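The structure appears below as structure tokens.
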Amino acid sequence: MDTIKTLNKWANAHTYIPLDLLRVALGVFLFIKGINFMANTEMLMQLFEPIQNMAGGMIVVHYVAPAHFIGGLLIAFGLLTRWAIIAQFPILIGAIAINFAGEMNSNNLILALITLFVCAFFLLYGSGKHSADYYFKMQQ
């Protein structure tokens with residue numbers, strides 16, 4: 001817990017608007033991907049063809065869209081950012097693994113890698129000073 005408090009103090013002292021805009025852009029991107037997966041479940045099922053016969057395959061399909069949808073909203077507003085990003089990690093690692101298990105799509109692989117690295121950064125950095133977390137903390 002002390003590590004998180006130390007990281008939050010450092011992040012709030014070094015908060016810059018471009019980093020907050022990057023966090024919002026990441027949240028909006030994940031939100032749009034969640035809507036895209038909800039609207040086009042056939043495409044999502046095609047992506048999961050390599051792991052279709054594995055146990056829990058249907059659970060994974062039902063986890064991806066809501067996790068992107070809700071996690072994207074939370075990340076964009078800066079509310080429970082670290083928890084929302086932790087929920088994204090299995091999806092992003094799975095997106096990278098699916099590219100190697102199934103048909104290689106370099107665009108999807110690069111997009112998943114960039115998203116994973118940005119999520120890893122915000123896992124350490126936190127939500128920053130211009131976020132709902134910071135606002136609620138200051139209201140106490």
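No lab work stands behind these numbers, since they all come straight from the coordinates. For clarity, every value in this text was computed on a predicted model and none was experimentally measured. Every residue, glycine among them, receives a Cβ derived from its backbone with ideal geometry; neighbour counts consider all protein chains shown.
Each peptide in 75-83, 37-45 was scored by the mean count of other Cβ atoms within 10 Å over its residues; highest first, the order is 75-83, 37-45. Couplings 3J(HN,Hα) for the stretch 17-29, derived from phi with the Karplus relation 6.51 cos²θ - 1.76 cosθ + 1.60 (θ = phi - 60°), are 4, x, 5, 5, 5, 5, 5, 5, 5, 4, x, 5, 4 Hz, where x marks Gly and Pro. When only Cα pairs below 8 angstrom with a gap of at least 6 residues are kept, the chain shows a relative contact order of 33 percent.
3J(HN,Hα) couplings calculated from phi for the stretch 111-118 with the Karplus curve 6.51 cos²θ - 1.76 cosθ + 1.60 (θ = phi - 60°) are, in sequence order, 4, 5, 5, 4, 5, 5, 5, 5 Hz; Gly and Pro show x. Taking a ≥ b ≥ c as the square roots of the eigenvalues of the alpha-carbon gyration tensor, the chain is classed prolate because a/c is 1.5 or more and a/b outweighs b/c.
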